[in-house]
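Colleague: What follows is a single structure, and I will ask about it in a moment.
The values are calculated or read from the model by the stated rules, or taken from the named source; none is laboratory data. What you are looking at is a predicted structure, and each value in this text was computed from that prediction instead of being measured. Virtual Cβ from ideal backbone geometry, glycine too; neighbours counted across all protein chains shown.
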Amino acid sequence: MSLRSQALHFRHFSVTFPGEHIAQVTLDRQDKLNCVDKATSREIAGIWEQFDQDESLWVGIITGAGRAFCTGADLIEWNAMNKSGVVNGMEAPGLAGLPRRGGKKPIIAAVNGLCMGGGFEMVANCDVVVAASTAVFALPEAKRGIVPVAGCLPRLTRTIGLQRTMDLVLTGRSVDAKTLRDWGLISHVVDAAAGDVDVATRAVQVAEEMCQNSPDALIVGRLGVRQSWEFGGVESAVDNLAANWYPRLMQGANFTEGIEAFAEKRTPRWVDSKL
């Protein structure tokens, strides 16, 4: 079933389609700085599952409305759970379905403002990160007696390094977008004050650039990069991709179409992926 064909009315977020093959989730709980409660987290996780199954959608985006991207989990809800004796598990895929998402298709984080705690954990596992120059990032969990255990610690360690991750986790201090770009986490920093487009628009531009390519290649290329990131051995990751996924890529219509279009000096006519 197409995600577009469903009733997409939610209390704390919206789902839009800013491009032919692009789905965008916008967190919109501005009075709570876009923190995510349990019910909202389950709803968004369901959107990503449907996004992966919808052949017409190739790239996803997540962003926030107002001055925050996401300030993590709803700690008022957590406090009520603690008082009621409810165990707060950290099951995969985590907050809003992102910190431990495996998934199939790429998701771009468009970080428009404050990005704290679980919001940072979400970003650490997105495939491309675009951030406003004014965005602020932090893992302040230690200040609340919490530890960010939903997936970002090993992922940030691999991306920005052990000591930098230690610094963020053990101090809880804030860092800006430029610093995280220099450290390798953020791909694009946009400065609206200097005449750049806003961060969500830039994310759509990046997504549209991706959508010029084969949707099969987006899926398999993303998988190949993630295997090299998430597993220890380079050769085992290469072997798995070459043995299990590349043959499936070659069997698809887009493999033949891309090569044929090159030979005929024309633009490829991609079809939705069947992978």
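Colleague: Give the stretch 161-215 a look and list any residue that's more than 11 Å from SER133 (Cα to Cα), charged (D, E, K, R) and without any contact (Cβ under 8 Å) to a residue 60 or more places away in the chain, or say none.
Modeller: Result: ARG164, ASP167, ARG173, ASP182, GLU209.
Colleague: Out of (1) in a helix (DSSP H, G or I); (2) touching a helix residue (DSSP H, G or I) at 6+ places or on another chain (Cβ under 9 Å), the odd one out for ARG269 is which?
Modeller: Condition not satisfied by ARG269: (1).
Colleague: Among the residues of the stretch 97-114, is any under 12 Å from the mean Cα position of the chain (by Cα) and under 21 Å from ALA142 (Cα atoms)?
Modeller: There is at least one residue in the stretch 97-114 that is under 12 Å from the mean Cα position of the chain (by Cα) and under 21 Å from ALA142 (Cα atoms).
Colleague: Related question: Could you figure out which of (1) assigned to a helix (DSSP H, G or I); (2) over 16 Å from the mean Cα position of the chain (by Cα) isn't true of ALA45?
Modeller: Here ALA45 clears every test but (2).
Colleague: Tell me, yes or no, whether the stretch 49-59 has at least one residue that is of a type outside the set (Asp, Glu) and part of a strand (DSSP E or B).
Modeller: yes
Colleague: Please find, among VAL147, VAL128, the residue that is over 29 Å from ASP196 (Cβ atoms), assigned by TED's automatic domain parsing to the domain that holds PHE69, surrounded by fewer than 24 Cβ atoms within 10 Å (Cβ to Cβ) and out of contact with any Pro (no Cβ under 6 Å at 6 or more places or on another chain).
Modeller: VAL147
Colleague: Scan the stretch 159-182 for residues that are within 19 Å of the chain's Cα centre (by Cα) and within 19 Å of SER228 (Cα to Cα) and jot them down.
Modeller: Listed by number, the residues that qualify are THR159, ILE160.
Here's the yes/no breakdown for (1) modelled with pLDDT of 95 or more; (2) in contact with a Pro (Cβ under 8 Å, 6 or more places away or on another chain); (3) among the polar types (S, T, N, Q):
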| residue | (1), (2), (3) |
| --- | --- |
| SER5 | no, no, yes |
| PHE10 | no, no, no |
| PHE13 | yes, no, no |
| ALA23 | yes, no, no |
| LEU33 | yes, no, no |
| THR40 | yes, no, yes |
| LEU57 | yes, no, no |
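Colleague: Could you tell me whether ASP31 is more than 23 Å from VAL204 (Cα to Cα), assigned by TED's automatic domain parsing to the domain that holds LYS105 and surrounded by 17 or more Cβ atoms within 10 Å (Cβ to Cβ)?
Modeller: Taking the combined requirement at face value, the residue does not satisfy it.
Colleague: Any residue in the stretch 234-248 that is within 17 Å of the chain's Cα centre (by Cα) and of a type in the set (A, V, I, L, M)?
Modeller: Within the stretch 234-248, not a single residue is within 17 Å of the chain's Cα centre (by Cα) and of a type in the set (A, V, I, L, M).
Colleague: Still on this model: Check the stretch 79-100 and report whether any residue there is in contact with a Phe, Trp or Tyr (Cβ under 9 Å, 6 or more places away or on another chain) and in a strand (DSSP E or B).
Modeller: no
Colleague: Given the criterion out of contact with any helix residue (DSSP H, G or I) (no Cβ under 6 Å at 6 or more places or on another chain), within 24 Å of THR26 (Cβ to Cβ) and outside the structural domain of THR16 (by TED's automatic domain parsing), identify the matching residue among ARG202, ARG248, ARG222.
Modeller: Details: ARG202 fails: outside the structural domain of THR16 (by TED's automatic domain parsing); ARG248 fails: within 24 Å of THR26 (Cβ to Cβ).
After applying the criteria, what remains is ARG222.
Colleague: Take GLY118 and tell me if it is touching a residue at least 12 places away in the same chain (Cβ under 8 Å), touching a strand residue (DSSP E or B) at 6+ places or on another chain (Cβ under 9 Å) and surrounded by 16 or more Cβ atoms within 10 Å (Cβ to Cβ).
Modeller: So GLY118 fits the description; yes.
Colleague: Can I ask one more? Residue under question is ILE160, and the condition is that it be within 21 Å of ARG100 (Cβ to Cβ) and in the same structural domain as GLY60 (by TED's automatic domain parsing); does it hold?
Modeller: Details: within 21 Å of ARG100 (Cβ to Cβ): yes; in the same structural domain as GLY60 (by TED's automatic domain parsing): yes.
Yes, satisfied.
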